[in-house]
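Novice: Pasting in a structure now, in structure tokens, and then I'll have a few things to ask.
The values are calculated or read from the model by the stated rules, or taken from the named source; none is laboratory data. Since we're looking at a predicted model, the values are computed, not measured. Cβ coordinates were reconstructed from backbone atoms using ideal geometry, including for glycine residues, and neighbour counts include every protein chain displayed.
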Amino acid sequence: MARVVAGVATSHVPAIGAAIDHGRTQEPYWKPLFDGLEPARRWAADAKPDVCIVVYNDHASAFSFATIPTFALGTAPAFPPADEGFGPRPVPVVEGHDDLAWHLAESLILDEFDITIVNEMPVDHGLTVPLSVVFGQPEAWPCRVIPLCVNVIQYPPPTGNRCFSLGKALRRAVESYPQDLKVAVFGTGGMSHQLQGERAGLINPAFDRVFMDRLVEAPRALTRIPHTEYMREAGSEGIELVMWLVMRGALSERVDEVYRFYHVPASNTGYGLMVLEDLAGPRSDR
Ligand code: DHB
Ligand code: FE
């Protein structure tokens, strides 16, 4: 059967993608950040997940304000990089796993998560930057990818608690797929940042560091953070952090923190990266 073997959390700052694409990673501004990615890249090369379920948000690239799904699952065999105004990023096409994705759709919906099924979808920096962070610049991405898109753009986004529960349902869905597959779940976005308004530029490293601590040891405490607290403490775009809770919900209670890195600033954000390995066998502690 398929198993969730690990979770990865990473911010998805578009400027990180641009630094990679334009060969600027060794410049003084970027070098400390890219040095900090190396242990996670070594982990990924060693762990070799077969499928990565990437929980991310679309930034009005695939969806406009005409249609705003709260949760949308990509069931296509492939997803092209989106054109976000400067042409598509020069990264490989994202190969999906349509058979597993349809299984996830069926399992999640029968488990009463009414997700939207998406058969055609370009993927923007929210998904491609995390892949670049973890896998660098390969000819082809080394795993299949299933996009799981969460609305954190237009109020009301889902609660952290709902995201955590979705992660648990995702684990049940993965574990009911008969083929042996190593699945990693990526929670992306964040950390604290505000791109607009009077407090544009806000970064709150103290909030970010506590969030990382609790994600490992006390994730349920994080599920109770209301939207207003994200807004106040982590800025208007800090709400992206609820997507980290989908990842954490998909892991068992016991995880091994393989790697943690935090760096300020990365563009307008506090940049966070974590690798958590699942310590429980399947279904052990649910
Ligand atoms: C930035 C961060 C984001 O999460 C995003 O979607 C766009 C821009 C930034 O830091 O510039
Ligand atoms: Fe974003």
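Novice: Looking at Gly23, Gly7, which one is at positive phi and at pLDDT 95 or above?
Specialist: Testing whether each residue is at positive phi and at pLDDT 95 or above leaves just Gly23.
Novice: What pairs come up if the first residue lies in segment 49-67 and is at pLDDT 95 or above, the second is basic (Lys, Arg) and buried (at least 18 other Cβ atoms within 10 Å of the Cβ), and their beta carbons are under 7 Å apart, counting only those six or more places apart or on different chains?
Specialist: Asp50/Arg144; Val51/Arg144
Novice: Moving on. Filter segment 188-200 down to the residues that are within 15 Å of ligand 2 (Cβ to nearest atom) and either farther than 24 Å from Met247 by Cβ or of a type in the set (A, V, I, L, M) (or both) and list them by number.
Specialist: Answer for segment 188-200, where residues must be within 15 Å of ligand 2 (Cβ to nearest atom) and either farther than 24 Å from Met247 by Cβ or of a type in the set (A, V, I, L, M) (or both): Met191, Leu195, Gln196, Ala200.
Novice: Right, here's the next one. In this structure, does Arg3 turn out to be surrounded by fewer than 19 Cβ atoms within 10 Å (Cβ to Cβ), among the charged types (D, E, K, R), more than 16 Å from Ser132 (Cβ to Cβ) and in contact with a Gly (Cβ under 9 Å, 6 or more places away or on another chain)?
Specialist: The answer is yes for Arg3.
Novice: Let me ask you something else. Quick one: how many residues across segment 6-18 are surrounded by fewer than 22 Cβ atoms within 10 Å (Cβ to Cβ) and either β-branched (Val, Ile, Thr) or without any contact (Cβ under 8 Å) to a residue 40 or more places away in the chain (or both)?
Specialist: 1
Novice: Please enumerate the residues belonging to segment 31-48 that are surrounded by 13 or more Cβ atoms within 10 Å (Cβ to Cβ) and touching a residue at least 12 places away in the same chain (Cβ under 8 Å).
Specialist: If the condition is that a residue be surrounded by 13 or more Cβ atoms within 10 Å (Cβ to Cβ) and touching a residue at least 12 places away in the same chain (Cβ under 8 Å), then Leu33, Phe34, Gly36, Leu37, Pro39, Ala40, Arg41, Trp43, Ala44, Ala47 are the ones that fit.
Novice: Continuing with this model, one more query. From the list Val174, Val183, Val210, Val145, which one is of a type outside the set (S, T, N, Q), over 16 Å from the mean Cα position of the chain (by Cα), buried (at least 16 other Cβ atoms within 10 Å of the Cβ) and more than 15 Å from ligand 2 (Cβ to nearest atom)?
Specialist: After ruling out the rest, the residue left standing is Val174.
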